[in-house]
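Below is one structure, written out as structure tokens; comments come after it.
The values are calculated or read from the model by the stated rules, or taken from the named source; none is laboratory data. Because the structure is a prediction, the values reported are computed rather than measured. Cβ placement follows ideal geometry from the backbone for every residue including glycine, while neighbour counts extend to all protein chains displayed. Protein only, heavy atoms only, side chains kept; ligands, DNA and RNA dropped before computing areas. Shrake-Rupley method; radii C 1.70, N 1.55, O 1.52, S 1.80 Å.
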Amino acid sequence: MMRTMIAAAIASAAALAQAQAQSWPTRPITLVVPYAAGGPVDTLARIVSARVSEILGQQMIIENVGGAGGMTGAARVVKSPPDGYSVLLSGSSVLAFNQTLYRRPLYNSLTDFEHVVMHSDSARVLITRPDFPAKTLAEFVAYAKANQAKMQYGSAGVGAGTHVCAVLLDVAMGTKITHVPYRGAGPAMQDLIGGRIDFIAEQISTALPQIQGNAVKAIVTLALDRAPGLEDLPTAQEMGLSGLDCGSWGSLSFPKGTPDDIVRRLAKASNEAVETPAVRERFKGIGVTIPAAERRTPEYLAKFVPSEIERWAGPIKASGANAD
């Protein structure tokens, strides 16, 4: 009798979970952005969430939870109920870099999430304060070697992509420049514009408007290919600094245990969102590209995350970068 009752309870709970998944969403969804407002991740979140909200018929409410290189926000999602109402918008820094940068990261990118979809690719650009004396990569490297003791670079926080990319640039140049971490890309950019720091290895989505407004100076693209919107700006590879590829990608992830029906529904809505002409135009305007359709599936992202952790582990360890 007891076994029958337990079996019935399990079956009832499974049926309820399935029904809830099929009717999802019935209330607003919290979209956790693990960085401060105003940065590149936040910008993408606001573009994507607006259209996904329309498609799902429920609002996605953005919650900026910065700290620890994005780990604080990511950990909040990991600890949330796996019911589809808490989702993480992150990417390469949070899911790949941090697994190597920290000895004891607050989550496991491979086992603590149900990865949903990759929605964007973005290059990084080496930008300097407007009055920085160098105009080319060769001039920048020469100046950095001669003035490294007094130079400073900013980042969106310890372990952020802006930090890791600048560390790799530092190693490639053979310099040791002081790192100044901020709570998000927005404050770092303001200090760069104000001349209080020397450079940032920033995502193109945040850098492009400032470059176009002559508020900062673009030196080189830190990717293997030239970036949309900055087609005239050469890559570091072209300028002789080979192998410096700091491109980043953006994704959505639920807590582990979120029903597959919900994962696939959000993946479908996200794909529909990035195919919308208005979203494509917004992405193009900030230099962001949309991954090919075959790369925008839960299965692809689940395989891609471990490959990215492995790809970045070697360079990060070789650089000596450590966020602890």
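Brief remarks on what is shown
- You will find that of A37, A50, the residue that is at pLDDT below 95 and surrounded by fewer than 20 Cβ atoms within 10 Å (Cβ to Cβ) is A37 and no other.
- For G66, the conditions (1) more than 25 Å from G38 (Cα to Cα); (2) of a type outside the set (S, T, Y); (3) buried (at least 19 other Cβ atoms within 10 Å of the Cβ) all hold with the exception of (1).
- With respect to being open to solvent by less than 10 Å² (accessible area, probe 1.4 Å) and without any contact (Cβ under 8 Å) to a residue 40 or more places away in the chain, T235 fits the description.
- Flag if P82 is surrounded by fewer than 24 Cβ atoms within 10 Å (Cβ to Cβ) and within 30 Å of V263 (Cα to Cα): yes
- For the stretch 202-221, filtered to residues that are more than 23 Å from A36 (Cα to Cα) and in contact with a Lys or Arg (Cβ under 8 Å, 6 or more places away or on another chain), the residue that is surrounded by the fewest Cβ atoms within 10 Å (Cβ to Cβ) is K217.
- For the stretch 238-253, filtered to residues that are crowded, with 23+ Cβ neighbours inside 10 Å and not hydrophobic (A, V, I, L, M, F, W, C), the residue that is modelled with the lowest pLDDT is S248.
- Selected residue (only one of A313, A323, A273, A318 is open to solvent by 80 Å² or more (accessible area, probe 1.4 Å) and among the hydrophobic types (A, V, I, L, M, F, W, C)): A318
- Test: residue in the stretch 267-274 that is within 17 Å of the chain's Cα centre (by Cα) and more than 30 Å from A166 (Cα to Cα): yes
- Taking each residue of the stretch 158-170 that is open to solvent by 10 Å² or more (accessible area, probe 1.4 Å) and looking for partners that are at pLDDT 90 or above and in a helix (DSSP H, G or I) with beta-carbon atoms closer than 9 Å, six or more apart or interchain, yields V158/L101; H163/S93; H163/F97; H163/L101; D170/A144.
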